[in-house]
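Below is one structure, written out as structure tokens; the observations come after it.
The values are calculated or read from the model by the stated rules, or taken from the named source; none is laboratory data. Model, not experiment: these values are computed from the prediction. With ideal geometry, Cβ positions are generated from the backbone for all residues, glycine too; neighbour counts draw on all protein chains shown.
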Amino acid sequence: MPAPHPTAVEADPTGPGGVEPLGTRERILDIALELFTTQGYDKTSLRQIAEQLGYSKAAIYYHFASKEDILMALHLRLHDFGREALSSISESEASPELWALLLDRLIDQMLQHRALFILHERNQAAIEELHRERHDADHEDLQMRFRQALSNPEIALEFRVRLSCAFGAVMGGLILAGDVFAEVPSD
């Protein structure tokens with residue numbers, strides 16, 4: 001299971017508690033996620049991200065060539081946990097119990113990262129443009145791996161259909177109702 005992406009700036013490692021700080025790249029992504037979600041991708045400038053970070057725009061350009069690259073990096077956070085879950089399915093014993101466990105883990109990950117789903121819901125046009133220009137092949141790979149896992153003849157057809165429907169319901173619920181649950185704590 002991938003480590004969650006932190007959302008708050010942590011203490012300096014030389015300071016009390018010795019907690020390692022977020023890297024600048026992750027801080028940029030977290031600030032951009034908040035701004036893209038609250039005011040929209042199109043209405044957010046690199047200058048605003050830099051100001052929130054407390055750096056110049058040049059610091060942003062050191063980590064990202066463009067605002068589009070920031071949006072893509074945020075989008076790829078979703079792929080990280082989705083890819084790991086699909087890898088676990090294909091590498092493990094295919095049993096209904098394992099599928100149920102992996103679906104539970106995936107739902108937990110999706111809830112933990114629901115801000116990314118809200119980002120997608122509120123910035124659909126920008127995300128779709130990124131897909132057309134740079135990213136369709138990666139989605140096709142994830143979809144193919146999901147279809148492979150669901151077509152595994154070692155799992156009863158009835159269970160595969162139920163799992164597919166459950167996954168669709170979870171995804172649809174988070175995508176279609178993301179705003180409804182935006183302020184609800186994960187626990």
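At-a-glance table
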{"quantity": "Test: residue in segment 91-98 that is modelled with pLDDT of 80 or more, part of a helix (DSSP H, G or I), exposed (fewer than 15 other Cβ atoms within 10 Å of the Cβ) and out of contact with any Asp or Glu (no Cβ under 9 Å at 6 or more places or on another chain)", "calculated": "no"}
{"quantity": "Index of the failed condition, I127 passing every other in (1) hydrophobic (A, V, I, L, M, F, W, C); (2) modelled with pLDDT under 80; (3) under 17 Å from the mean Cα position of the chain (by Cα)", "calculated": "(2)"}
{"quantity": "Where a residue in segment 97-121 is within 18 Å of A32 (Cα to Cα) and its partner, wherever it lies, is of a type in the set (K, R), with Cβ under 6 Å and at least six apart", "calculated": "L116/R77"}
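The rows are residues; the columns are (1) at pLDDT 95 or above; (2) in a helix (DSSP H, G or I); (3) acidic (D, E); (4) under 30 Å from L102 (Cβ atoms).
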{"residue": "H5", "(1), (2), (3), (4)": "no, no, no, yes"}
{"residue": "T14", "(1), (2), (3), (4)": "no, no, no, no"}
{"residue": "G17", "(1), (2), (3), (4)": "no, yes, no, no"}
{"residue": "L29", "(1), (2), (3), (4)": "yes, yes, no, yes"}
{"residue": "L33", "(1), (2), (3), (4)": "yes, yes, no, yes"}
{"residue": "T37", "(1), (2), (3), (4)": "no, yes, no, yes"}
{"residue": "A50", "(1), (2), (3), (4)": "yes, yes, no, no"}
{"residue": "A58", "(1), (2), (3), (4)": "no, yes, no, no"}
{"residue": "Y62", "(1), (2), (3), (4)": "no, yes, no, no"}
